[in-house]
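Just below is one structure, and these are the notes that go with it.
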Amino acid sequence: VEASIPEPQRAAWSRNQIQSFTDKDGFEKEVVRHVETTLARSMFNCDESAAYSATSLAFRDRLIKDWNKTQQRQTYRDTKRVYYLSLEFLMGRALDNAMLNVGLKDAAKGGLADLGFRIEDIIGQEHDAALGNGGLGRLAACFLDSLASLNYPAWGYGLRYRYGIFKQEIIDGYQVEVPDYWLDFNPWEFPRHDVTVDIQFFGHVSKTTKDDGKTAAIWEGGEIVQAVAYDVPIPGYDTPTTNNLRLWSSKASGGEFDFQKFNNGDYESSVAEQQRAETISAVLYPNDNLERGKELRLKQQYFWVAASLYDIVRRFKKSKRGWNEFADQVAIQLNDTHPTLAIVELQRILLDIEGLEWDVAWDIVTKTFGYTNHTVLPEALEKWPVGLVQYLLPRHLQIIYDINLYFLQTVEKAFPKDRDMLTRVSIIEESQPKMVRMAHLAIVGSHKVNGVAELHSDLIKTTIFKDFVEVYGPDKFTNVTNGITPRRWLHQANPRLSELIASKCGGNGFLKDLTQLNRLEAHAKDAAFRREWAEIKYANKVRLAKHIKNVTGVTVNPAALFDVQVKRIHEYKRQQLNIFGVIHRYLTLKGMSVEERKKQLPRVSVFGGKAAPGYWMAKQIIHLINAVGSVINKDEEIGDLLKVIFLEDYNVSKAEMICPASDLSEHISTAGTEASGTSNMKFVLNGGLIIGTCDGANIEITREIGESNIFLFGNLAEDVEDLRHAHNYGSHSIDSDLEKVFGTIESGTFGTPHDFSAMIAAVRHHGDYYLVSDDFHSYMETHRLVDESYRNQDEWVSKCITSVARMGFFSSDRCINEYADGIWNVEPLVVQE
Ligand code: GPU
């Protein structure tokens, strides 16, 4: 069909396309048109929800044009493309981002005002796209923003979950999970019912002899599920490049129903089959830093990986190039081990379908893939039972065994007679049952492996992947420190601060080259500038205080120090250390005379974050925070001096409100456990200071902004092992202040002590694996330093300004350029307008 339309005709059509709006009046016309036609409503009953829909549709129309042109340009120029495979994309809201990236937010603001709406209210109508758990998924979203903003020809590939991360409600202090059905109305996705891939599961493998006498494997039988593409446009900031995020949705391959069964009267089972197929992309697994080995999860992984690779190979084949050029045209990045089957799938395609020799195919595969590791925590490292892989993907298991065989042969040559080495590096773990180690497969099948912050990248080389450094040498392993997009996390989340910064940095250039923030440094000592800066922070705190009042009923004083810890709830992230610290602060205040109390600095401790539904201890931590809050917040003796708030349902859009309102944020993981952390960067970029451990990216943040601008405490990663050993085999005495906190909990001050006994026992009797007691004293001392420092507002604000000025390194643009240079070998596609 495409080819039958003559070129002049096509060119004429594209010249005559309806022009998009460029100003307020044009925007208004488009909104009215969409309300009255697309939505079939009258302007007389256009409510905020309809105004949101129409505004989104108006901006979507604009994006589509840039998007089409970008795809045409990339096809025409046919340079190397990057494919970012991630099971999670935590995108948040799209409208505000689209308005800012396209550069017409002011037009929309004016237009909406004419129609009787406040733009904030309209933006607030949008449901977050929450197809991720936490940092890993949000990193993928920041990367998409940078890839488009820097004009890289890039695609994201993921799953279109019908249910994203659950919505969290707090009922009687406990977390309750509610399904997040987000697809009611989503103007940001385009179903591509013509882009489908049949995905095979189960079945068996037979051998056949080809014409040339060689044998080939044939995978047949089993069942077929269809993958349908849904495309989401990803606009770059201040560039026409609009890339594509392709999400796959599953459905039964037979179309709506199996008519055979239907006609035979077996209606129910034909519907059941339909539903079973749709289950694959139904729900995001809500675990962060934890793998639970569920069969459906493995199905999700293969479904998504196979559909994506089919699509990538199909696109490559259109270029009519030879396979020897594949790795020059295609770079695929594996976001953690979740997409590792892509390595096996590409080898299968090249070997079984395209008929390449093993070595030729394998060379292409390893040149194509890069693998990013995001954790050293053992419970998060993926392993799949061999039996399950055999049953679900029989041909893939054979290929995995062959990959392992050839790999172990080379290891054997380099380390003759070292049986232990072979056992340690093998892709197959010889356990009961045998397991496929996905990280090992990812390393063997990639040309580069990277960690996400310097400490983390060093740790993977010296701990979990140590043997592989010996096998491959150190150059296969590299570091790319994480970054965040300043568009969403500064310009969008904190428009007033962004504007103030622009006024001192010579305009908005810093949003594309974040190192330009260094121009601020000269102004840190300027009293008038500091006042403006502080005034913006205060306004952001007022806004958060209002939100807190609305959702919890608690009044907090915006002049208090806002101390924030928002992230997934996890023992290694140590929210328990924070809440024990809060209790200690409360006890200290209670022990003071009225006079003494008057001299104290008021504080608001804000917590937020979801616990995995099956993570009992994390749920107990949430319960304790709420229990403590409900006692302290109504203690009239304490009043404004201390408030404890748990904000329910922490997500991307709430983060955009919370980050700009923090004075101090907590990044207090046990040293060596947090691979990088990225909210640490968001908080500093928004003019807040950090209390933190020497862990993840905190270390590099310290190096950049200076030791005097961060509150570090606690034991170092290099000492953790010895301390744990001492807990278990030596004497383990608990910090005396922490004992007082435990005593208070056990006396029933915060409700039934039994509810919290496991949390206390974890420290006292079960080895205190996360070193809560070891770090408690230094944590509390450091909080005292924070108070002291905050009293001198001039100095505090200077620290904040200086820190922001030195944050240029943490842009995800820098990070993406490092991947492009060091791992992908891709270049931006310059746009000539
Ligand atoms: N991370 Br593994 C997740 O959010 N989920 C996971 O399942 C795994 C890692 C995080 C790390 O915990 C965090 O330190 C890092 O900043 C982030 O990935 C992005 O690299």
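Can GLY581 be described as surrounded by fewer than 15 Cβ atoms within 10 Å (Cβ to Cβ) and under 28 Å from VAL176 (Cα atoms)? Against the criterion (surrounded by fewer than 15 Cβ atoms within 10 Å (Cβ to Cβ) and under 28 Å from VAL176 (Cα atoms)), GLY581 does not qualify.
Remark: ALA107 matches the filter, which requires a residue to be closer than 20 Å to ASP23 by Cβ, in a helix (DSSP H, G or I), away from the ligand (no atom under 16 Å from the Cβ) and more than 30 Å from the chain's Cα centre (by Cα). If you take the residues in the stretch 475-488 that are buried (at least 23 other Cβ atoms within 10 Å of the Cβ) and away from the ligand (no atom under 14 Å from the Cβ), which one is nearest to ASP96 (Cα to Cα)? Ranking the qualifying residues of the stretch 475-488, first place goes to ARG488. Taking the conditions (1) touching a residue at least 40 places away in the same chain (Cβ under 8 Å); (2) closer than 30 Å to ALA148 by Cα; (3) out of contact with any Pro (no Cβ under 8 Å at 6 or more places or on another chain); (4) more than 16 Å from the ligand (Cβ to nearest atom) in turn, VAL452 satisfies each one other than (4).
Just one of the listed residues (LEU641, LEU664, LEU723) is more than 21 Å from SER778 (Cβ to Cβ), aliphatic (A, V, I, L, M) and either touching a Cys at 6+ places or on another chain (Cβ under 8 Å) or at pLDDT 95 or above (or both), namely LEU641.
Quick check on the stretch 135-160: of everything there that is within 22 Å of LYS610 (Cβ to Cβ) and small (Gly, Ala, Ser), which residue is farthest from the ligand (Cβ to nearest atom)? Of everything passing the filter in the stretch 135-160, GLY158 is farthest from the ligand (Cβ to nearest atom). Residues in the stretch 792-830 that are under 21 Å from SER498 (Cβ atoms) and among the charged types (D, E, K, R): LYS799, ARG806, ASP813, ARG814.
In this structure, LEU405 does satisfy being loosely packed, with under 14 Cβ neighbours inside 10 Å, without any contact (Cβ under 8 Å) to a residue 40 or more places away in the chain, over 31 Å from the mean Cα position of the chain (by Cα) and on the phi < 0 side of the Ramachandran plot. ARG276 passes every criterion in (1) away from the ligand (no atom under 16 Å from the Cβ); (2) modelled with pLDDT of 95 or more apart from (2). Evaluated against (1) part of a loop (DSSP other than H, G, I, E, B); (2) closer than 17 Å to ILE579 by Cβ, TYR769 falls short on exactly one condition, (2). Taken together, the residues in the stretch 485-529 that are of a type in the set (Lys, Arg) and more than 17 Å from PRO660 (Cβ to Cβ) amount to 4. Within the set GLU700, GLU739, the sole residue that is surrounded by fewer than 19 Cβ atoms within 10 Å (Cβ to Cβ) and modelled with pLDDT of 95 or more turns out to be GLU739. Please give the number of the condition TYR163 fails out of (1) aromatic (Phe, Trp, Tyr); (2) within 16 Å of the ligand (Cβ to nearest atom); (3) over 30 Å from SER319 (Cβ atoms). Of (1) aromatic (Phe, Trp, Tyr); (2) within 16 Å of the ligand (Cβ to nearest atom); (3) over 30 Å from SER319 (Cβ atoms), only one is false for TYR163: (2).
Here's a check for you: in the stretch 610-641, which residue that is outside any helix (DSSP H, G or I) and touching a residue at least 60 places away in the same chain (Cβ under 8 Å) is nearest to VAL763 (Cα to Cα)? Looking at the filtered set, the residue picked out is TYR615.
In the condition set (1) more than 25 Å from ILE801 (Cβ to Cβ); (2) free of Cβ contacts under 8 Å to residues at least 40 places away in the same chain; (3) of a type outside the set (S, T, N, Q); (4) within 16 Å of the ligand (Cβ to nearest atom), GLY692 is compliant with all but (1). Being of a type in the set (S, T, N, Q), assigned to a helix (DSSP H, G or I), in contact with a helix residue (DSSP H, G or I) (Cβ under 9 Å, 6 or more places away or on another chain) and in contact (Cβ under 8 Å) with a residue 24 or more places away in the chain is a condition met by no residue of the stretch 33-40.
From the residues in the stretch 285-298 that are closer than 15 Å to PRO339 by Cβ and in contact with a helix residue (DSSP H, G or I) (Cβ under 9 Å, 6 or more places away or on another chain), which one is farthest from the ligand (Cβ to nearest atom)? Out of the qualifying residues, it is LEU298.
Cβ-Cβ distances below 8 Å connect the following pairs, each with a first residue in the stretch 263-277 that is of a type in the set (A, V, I, L, M), a second residue that is surrounded by 12 or more Cβ atoms within 10 Å (Cβ to Cβ), and a separation of six or more residues or different chains: VAL271/PHE257; ALA277/VAL225; ALA277/GLN226; ALA277/SER250; ALA277/LYS251; ALA277/ALA252; ALA277/SER253.
Taken as a whole, the condition of being at pLDDT below 95, surrounded by fewer than 18 Cβ atoms within 10 Å (Cβ to Cβ) and within 28 Å of HIS396 (Cβ to Cβ) does not apply to ASP184. Within the stretch 191-211, the set of residues being surrounded by 16 or more Cβ atoms within 10 Å (Cβ to Cβ) and among the aromatic types (Phe, Trp, Tyr) comprises PHE201 only. Of the residues in the stretch 675-685, not one is within 14 Å of the ligand (Cβ to nearest atom), of a type outside the set (Ser, Thr, Tyr), closer than 19 Å to ASN482 by Cα and surrounded by fewer than 23 Cβ atoms within 10 Å (Cβ to Cβ). Comparison of TYR181, TYR174 shows that the only residue that is in contact with a strand residue (DSSP E or B) (Cβ under 8 Å, 6 or more places away or on another chain) and away from the ligand (no atom under 16 Å from the Cβ) is TYR181.
Small (Gly, Ala, Ser) and either surrounded by 15 or more Cβ atoms within 10 Å (Cβ to Cβ) or within 19 Å of ILE622 (Cα to Cα) (or both) - does that describe any residue in the stretch 766-774? Checked the stretch 766-774: at least one residue is small (Gly, Ala, Ser) and either surrounded by 15 or more Cβ atoms within 10 Å (Cβ to Cβ) or within 19 Å of ILE622 (Cα to Cα) (or both). Counting only residues that are out of contact with any Asp or Glu (no Cβ under 7 Å at 6 or more places or on another chain), surrounded by 12 or more Cβ atoms within 10 Å (Cβ to Cβ) and part of a helix (DSSP H, G or I), the stretch 746-759 holds 6 of them.
With respect to the conditions (1) over 21 Å from LEU144 (Cα atoms); (2) surrounded by fewer than 19 Cβ atoms within 10 Å (Cβ to Cβ); (3) within 27 Å of the chain's Cα centre (by Cα), ASP238 falls short on a single one, namely (1).
Scanning the stretch 393-417 for residues that are modelled with pLDDT of 95 or more and either outside any helix (DSSP H, G or I) or within 16 Å of the ligand (Cβ to nearest atom) (or both) yields LEU393, PHE415, PRO416. Filter the stretch 695-717 down to the residues that are in contact (Cβ under 8 Å) with a residue 24 or more places away in the chain and out of contact with any strand residue (DSSP E or B) (no Cβ under 8 Å at 6 or more places or on another chain) and list them by number. Listed by number, the residues that qualify are ALA697, ILE699, GLU700, GLU704, ILE705, GLY706, SER708, GLY714, ASN715, LEU716, ALA717.
The values are calculated or read from the model by the stated rules, or taken from the named source; none is laboratory data. None of these values were measured; they are calculated from a predicted model. Positions of Cβ are backbone-derived with ideal geometry, glycine not excepted, and every protein chain shown enters the neighbour counts.
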